[in-house]
Amino acid sequence: MADAAVKEKIATTDAAGPERELTDGFNLVIDALKLNGLNTIYGVPGIPITDFGRMAQAAGIRVLSFRHEQNAGYAASIAGFLTKKPGICLTVSAPGFLNGLTALAHATTNCFPMILISGSSEREIVDLQQGDYEEMDQLAIAKPLCKAAYRILHAQDIGIGLARAIRAAVSGRPGGVYLDLPAKLFGQVIDAEEGRKSLVKVIDPAPAQIPAPDAVKRALDVLKNAKRPLIILGKGASYSQADDAIRNFVEKSGVPFLPMSMGKGLLPDTHPQCAGAARSTVLKDSDVVVLIGARLNWLLSHGKGKSWGEPHSKKFIQIDIEPKEMDSNVEIAAPLIGDIGSCVSALVDGMGSSWPKAPADWMGAVSKKRDENVAKMAPRLMNNNVPMDYHGALGVLRTVIKERPDAILVNEGANALDLTRGIIDMYKPRKRIDVGTWGVMGIGMGYAIGAAVETGKPVLAIEGDSAFGFSGMEIETICRYKLPVCVVIFNNDGIYRGTDVNALGTDPATTVFVKGSRYDKMIEAFDGVGVNATSPDELRRAVNAAMDSGKPTLINAVIDPAAGSESGRIGNLNPQSKLRKK
Ligand code: OXT
Ligand code: ADP
Ligand code: MG
């Protein structure tokens with residue numbers, strides 16, 4: 001049935017008259033996606049979307065089949081981040097939809113544009129709760145977890161329905177959108193000409209949002225009077241793709257900048273104004289802070305407290321497209337609402353040609369602290385310990401990225417995340433993608449696939465052994481599509497450390513895994529390259545070979561089980577029991 005439908009729109013002769021060209025829901029969804037330049041779908045097939053996937057593939061859309069919808073969803077979400085177009089995830093009803101929903105919520109939380117399209121069961125039966133196959137009121141469940149949720153009931157509405165979804169996903173603060181397509185919709189037949197006319201190409205889906213001139217002036221007045229200014233670059237700044245404007249602003253102002261995790265590389269971490277290695281100092285001692293696409297959430301200690309040097313007062317200038325973000329945690333002295341490109345360009349214009357650079361003594365103090373921290377770290381990165389510790393292994397991987405600044409770095413874990421973030425310098429925008437706002441485990445293989453597909457660049461995924469387990473089956477997907485992905489598993493036998501013991505009984509402790517596991521053998525099942533690396537030298541050789549060959553590779557990097565710390569850098573967030581038996 002699929003083949004016939006793909007080759008030509010259904011042509012039929014009815015009794016009433018001459019041959020009429022017809023189309024149907026399957027074809028209209030495909031046409032609507034293509035018309036809007038949405039040429040890649042990440043998903044898992046099944047009732048009622050199997051034929052849709054086949055037909056989309058035959059129509060020239062790249063349809064990547066995953067082993068689990070959550071990973072397809074994460075791939076779609078990062079596709080949205082990397083391209084500014086909504087990433088498309090396609091799932092079956094109820095359980096497939098729910099599997100994809102975590103990723104949709106993740107996209108919304110991280111401000112990435114994404115559309116989760118799920119097939120759904122018969123409305124009449126679902127709404128009367130009569131027990132349909134995979135029965136679930138998916139629209140109602142999706143609503144609180146995304147920016148917008150729509151259901152299309154009629155083939156004539158497919159064009160407008162997809163247009164709404166696209167605009168909702170990318171305009172203003174980007175986010176996740178749910179689109180519910182009941183099984184019956186796909187088979188609905190309408191006149192082809194009517195169908196063509198019903199399609200909508202979304203014009204200017206994310207229009208520039210120009211900041212108000214008085215808001216620009218207010219921000220510059222606050223900045224001009226600063227003695228110890230700081231710029232914080234968040235993943236919104238990376239997303240905006242306003243790379244040149246941001247660089248101009250930073251360099252013209254002479255202000256030190258602190259990149260958030262996915263803001264790294266907007267300007268190189270090796271830039272003389274980079275304060276990444278002087279984080280505590282700049283948060284504590286700055287007097288004016290310019291937030292560019294970064295929220296004052298937990299990752300920035302809500303803009304207050306000890307890490308911000310309170311009780312001293314600070315002034316915040318915040319650039320964000322979302323007005324509600326202002327004053328969310330502390331007072332914002334100069335809110336600048338608009339898209340980052342327009343706002344930062346307006347600031348640069350307003351600075352004119354004689355803008356004074358940030359005070360030299362402040363930049364000097366920041367550089368001194370940064371250089372001290374970098375120097376302290378340097379010898380640890382050269383260690384050749386066996387078993388490896390994180391620093392020895394990361395010393396090697398940092399050179400791999402330095403030599404390949406275009407490669408994409410995917411990163412998750414606890415110690416495997418925090419130490420990688422600090423140690424591996426990034427040189428170009430949007431090259432580091434990680435656990436994001438939720439600190440979620442499971443993005444690894446989905447992100448690796450999405451990044452490889454969208455950018456065509458080699459991907460290095462640095463994964464804790466626990467983190468990898470959340471999406472590990474997708475190494476088959478990586479092998480199947482022959483993607484240039486090298487996965488390095490920091491195998492320390494468990495979550496945070498591999499040394500915990502159960503105080504009672506014979507079960508293993510909750511944080512430990514099978515000791516001495518050989519994850520590298522997993523990929524061999526799919527004809528990928530597996531390597532067991534026990535020393536920094538072995539690791540270097542294996543990663544270089546993988547990055548140069550582009551062959552799907554999984555390296556089991558054996559890390560000392562005692563090397564990590566509880567929850568990495570965020571152990572302070574664990575509640576403590578005063579009554580716990582030691
Ligand atoms: O200035 P100071 O002196 O303070 O120094 C700072 C920098 O200036 C300096 N620095 C440098 N020095 C020298 N050279 C350079 N280049 C340099 N760069 C920086 O270093 C310090 C530290 O800098 P940093 O890191 O920037 O600063 P800091 O203070 O750490 O920043 C604060 C934060 C909050 C911004 C930062 O820590 C951050 O971004 N953290 C993110 C943390 C996060 O999201 N973690 C992941 C979640 S943990 C936990 O939840 C896990 N789970 C539970 C779970 C989850 N998450 N999800 C799901 C679906 N289910 C369950 C699980 C299961 S983690 C986990 C698995 C863990 O096990 P694995 O095996 O995967 O991993 P391993 O731990 O490796 O075993
Ligand atoms: P980080 O975790 O790196 O600190 P956040 O996810 O907290 O970053 O913040 C990203 C912010 O960027 C969000 O508040 C979002 O509204 C904003 N944002 C995203 N895209 C744009 C854009 N094009 N222009 C302005 N603000 C944007
Ligand atoms: Mg681990």
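Worth a mention:
- Residue check, Gly175 touching a Phe, Trp or Tyr at 6+ places or on another chain (Cβ under 8 Å) and buried (at least 18 other Cβ atoms within 10 Å of the Cβ): yes
- Any chance Thr399 is at pLDDT 95 or above and closer than 14 Å to Asn544 by Cα: yes
- Across segment 274-295, the qualifying residues are those that are among the polar types (S, T, N, Q) and crowded, with 20+ Cβ neighbours inside 10 Å, and the one among them that is farthest from Lys224 (Cα to Cα) is Thr281.
- Selection within segment 224-238: residues that are surrounded by fewer than 24 Cβ atoms within 10 Å (Cβ to Cβ) and more than 16 Å from ligand 1 (Cβ to nearest atom). The member of this set that is modelled with the lowest pLDDT is Asn225.
Okay, residues lined up against (1) buried (at least 23 other Cβ atoms within 10 Å of the Cβ); (2) more than 16 Å from ligand 3 (Cβ to nearest atom); (3) under 19 Å from Ala467 (Cα atoms); (4) polar (S, T, N, Q):
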residue: Asn383; (1), (2), (3), (4): no, yes, no, yes
residue: His391; (1), (2), (3), (4): no, no, yes, no
residue: Glu412; (1), (2), (3), (4): yes, no, yes, no
residue: Asp418; (1), (2), (3), (4): no, no, yes, no
residue: Arg432; (1), (2), (3), (4): yes, yes, yes, no
residue: Gly439; (1), (2), (3), (4): no, no, yes, no
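- Condition check for Ser65: surrounded by fewer than 18 Cβ atoms within 10 Å (Cβ to Cβ) and either modelled with pLDDT under 95 or touching a strand residue (DSSP E or B) at 6+ places or on another chain (Cβ under 9 Å) (or both): yes
- Test: residue in segment 379-387 that is outside any loop (DSSP other than H, G, I, E, B), of a type outside the set (A, V, I, L, M) and under 31 Å from the mean Cα position of the chain (by Cα): yes
- Of all residues in segment 206-247, those satisfying the criterion of being touching a helix residue (DSSP H, G or I) at 6+ places or on another chain (Cβ under 9 Å), within 12 Å of ligand 2 (Cβ to nearest atom) and part of a loop (DSSP other than H, G, I, E, B) are Ala206, Ala208, Gln209, Ile210, Pro211, Gly234, Gln241, Ala242.
- Scan segment 405-457 for residues that are within 16 Å of ligand 2 (Cβ to nearest atom) and either under 12 Å from Gly265 (Cα atoms) or at pLDDT below 95 (or both) and the total you get is 8.
- Qualifying residue in segment 296-308 (condition: of a type outside the set (Phe, Trp, Tyr) and closer than 20 Å to Asn225 by Cβ): yes
- For segment 324-342, the tally of residues that are without any contact (Cβ under 8 Å) to a residue 12 or more places away in the chain and acidic (Asp, Glu) stands at 1.
- Qualifying residues in segment 266-313 (those that are more than 10 Å from ligand 1 (Cβ to nearest atom), part of a loop (DSSP other than H, G, I, E, B) and touching a strand residue (DSSP E or B) at 6+ places or on another chain (Cβ under 6 Å)) - the one farthest from Asp371 (Cα to Cα): Ala294
- Boolean, Thr420 is among the hydroxyl-bearing types (Ser, Thr, Tyr), within 24 Å of Tyr239 (Cα to Cα), in a helix (DSSP H, G or I) and within 16 Å of ligand 1 (Cβ to nearest atom): yes
- Single residue of segment 482-509 satisfying the filter (without any contact (Cβ under 8 Å) to a residue 24 or more places away in the chain, within 16 Å of ligand 1 (Cβ to nearest atom) and out of contact with any Asp or Glu (no Cβ under 6 Å at 6 or more places or on another chain)) that is farthest from Arg398 (Cα to Cα): Pro508
- Contacts under 7 angstrom Cβ, first residue in segment 408-427 being of a type in the set (Phe, Trp, Tyr), partner away from ligand 2 (no atom under 16 Å from the Cβ) and not in a helix (DSSP H, G or I), 6 or more apart: Tyr427/Pro268; Tyr427/Pro405
- Flag for Ala168 being out of contact with any helix residue (DSSP H, G or I) (no Cβ under 7 Å at 6 or more places or on another chain), crowded, with 24+ Cβ neighbours inside 10 Å and farther than 20 Å from Val440 by Cβ: yes
The values are calculated or read from the model by the stated rules, or taken from the named source; none is laboratory data. Please read all numbers here as calculations on a predicted model, not as lab measurements. So basically every Cβ, Gly included, is an ideal-geometry build from the backbone, and we count neighbours across all protein chains shown.
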